[in-house]
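The values are calculated or read from the model by the stated rules, or taken from the named source; none is laboratory data. If you're wondering where the values come from, they're calculated on a predicted model, not measured in any experiment. Every residue, glycine among them, receives a Cβ derived from its backbone with ideal geometry; neighbour counts consider all protein chains shown. Surface areas here come from the heavy atoms of the whole protein model, side chains and all, with no ligands, DNA or RNA. Shrake-Rupley method; radii C 1.70, N 1.55, O 1.52, S 1.80 Å.
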Amino acid sequence: MKRVVVTGLGAISPFGPGVKAYWEGVRSGTCAIRPVTLIETDGFRCRIAAEVPDPVPGSPRRARADRLALAAAREAIDDAGLGAAERKRAALIVGAVGGGMLEAEAWYWHARRSGVAPRAVHALRSILPYSHADVVGSRLGLGGPRETLVTACSSGAASLAVAADLVADGVVPVALAGGADALTRICFMGFNALRLLDPDPCRPFDLARRGMSIGEGAGFVVLEDAAHARARGARVYAELAGSGTTTDAFHVTSPHPDGEGMARAMATALARARVAPKSVGYVNAHGTATLQNDRIEARALRAVFGDGAVLVSSTKSMIGHTMAAAGSLEAVATILALVHEPVPPTANLTTPDPDVAFDCVPAIARETAVECAISNSFGFGGQNVTLLFRRS
């Protein structure tokens, strides 16, 4: 098995375009969850989300999610310094959920309210999730294997796990992987209907938490065979040393109450990386701020690491749950925590839940050097992914 390293990072987030803006926002503990502007929210219990500020790069004729994906992917490719020859062989793995649904919804409502369907149908061309990979692959000249993964909230993390396996197995020397999602009415309305959204910015691991916040964005990384990266003189951010993917096979939305599948994903990542639990210094948690999920994730963490043995924080407290982009954006934050050493904080955390037996880094980033860190992503249907990164 070849060693897999990270040589490029790209992000577009509620803090704006670029990895620099994203890291500065996350490191400072700034909350980017604000009143929604992209969709109508009249009558909803929750009327806030973490939107990417306008202008979003790219042609407005493309779906918002496609534009988010392309902006982050291009930054990652440029950051890695991949030329045409490397791109021609590079795999592309994209995590997606909502596709171009935002534009399709607008098209539908215009037709419904006016009684006349718009002549322009370009808004419907990107409705399916594979659209992101099509746009990114064709625009960036990526000629290797191409896949779109739809595993709910763990899609972005699953894309990195699959891409890392392609590199580790020698199928390709380089892969671009990540996830993207735009805010959509169906997602926002659905979570409102389930009463899973907090009317105020979410508070992961807080005793008074009342639910999650929705967000949008895209995060991509370039994964590369370590020997290939060394031969071309590439900068290495970190090693993706191991991953774990499991399924609860328990319920369509709820995680297993014991967190067994979550714990198994973390244990698998540790085993594949040959890393002992005591070597992990930081966990970027799934941390949605729902009462059930936070406690179950803490239960799973306790089973793997023991009480209080690792720093834990949730970047969703600042950028909300970005759906398919969550796992990849959180992976970028985890990698940067290894590189720059402050552990990102959990914003809005004032009264820690005693059932969460960990230091969740309230409000202020923690200056500490970490050798290994993991990023957790847990999706509907019990689709669990853990990524383990090691300092290069």
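Some notes on this structure:
- Beta carbons closer than 8 Å, at least 6 apart along the sequence or on distinct chains, pair a first residue in segment 128-153 that is open to solvent by 30 Å² or more (accessible area, probe 1.4 Å) with a second that is of a type in the set (F, W, Y) and at pLDDT below 95 for T148/Y130.
- The number of residues in segment 31-50 being over 14 Å from G215 (Cα atoms) and of a type outside the set (D, E, K, R) comes to 3.
- Where T334 falls short, out of the listed (1) within 20 Å of S155 (Cβ to Cβ); (2) in contact (Cβ under 8 Å) with a residue 60 or more places away in the chain: (2)
- The helices (runs of 4 or more DSSP H) falling completely within segment 149-237 that include 3 or more residues that are modelled with pLDDT of 95 or more and in contact with a Gly (Cβ under 9 Å, 6 or more places away or on another chain) map to 155-168.
- On the stretch given as segment 208-244, residues that are under 30 Å from T184 (Cα atoms), open to solvent by less than 10 Å² (accessible area, probe 1.4 Å) and charged (D, E, K, R) total 1.
- Of the candidates V36, V52, V26, V94, the single residue that is β-branched (V, I, T), at pLDDT 95 or above and within 30 Å of A227 (Cβ to Cβ) is V94.
- Hey, S314 among the small types (G, A, S), touching a residue at least 60 places away in the same chain (Cβ under 8 Å), closer than 19 Å to V4 by Cβ and touching a helix residue (DSSP H, G or I) at 6+ places or on another chain (Cβ under 9 Å) or not: no
- Filter pass, P257 being in contact with a helix residue (DSSP H, G or I) (Cβ under 7 Å, 6 or more places away or on another chain) and surrounded by fewer than 23 Cβ atoms within 10 Å (Cβ to Cβ): yes
- Among helices (runs of 4 or more DSSP H) entirely within segment 1-96, having at least 1 residues that are β-branched (V, I, T), touching an Asp or Glu at 6+ places or on another chain (Cβ under 7 Å) and open to solvent by 10 Å² or more (accessible area, probe 1.4 Å) singles out 19-28.
- Taking segment 97-110 as the range and being open to solvent by 20 Å² or more (accessible area, probe 1.4 Å) and without any contact (Cβ under 8 Å) to a residue 24 or more places away in the chain as the test, the residues that pass are A106, W107, Y108, W109, H110.
- Looking only at segment 38-63, residues that are over 21 Å from A133 (Cβ atoms) and not aromatic (F, W, Y) come to 16 in all.
- Answer from H286, H251, H228, H321 - the residue that is farther than 20 Å from A158 by Cβ and touching a residue at least 40 places away in the same chain (Cβ under 8 Å): H228
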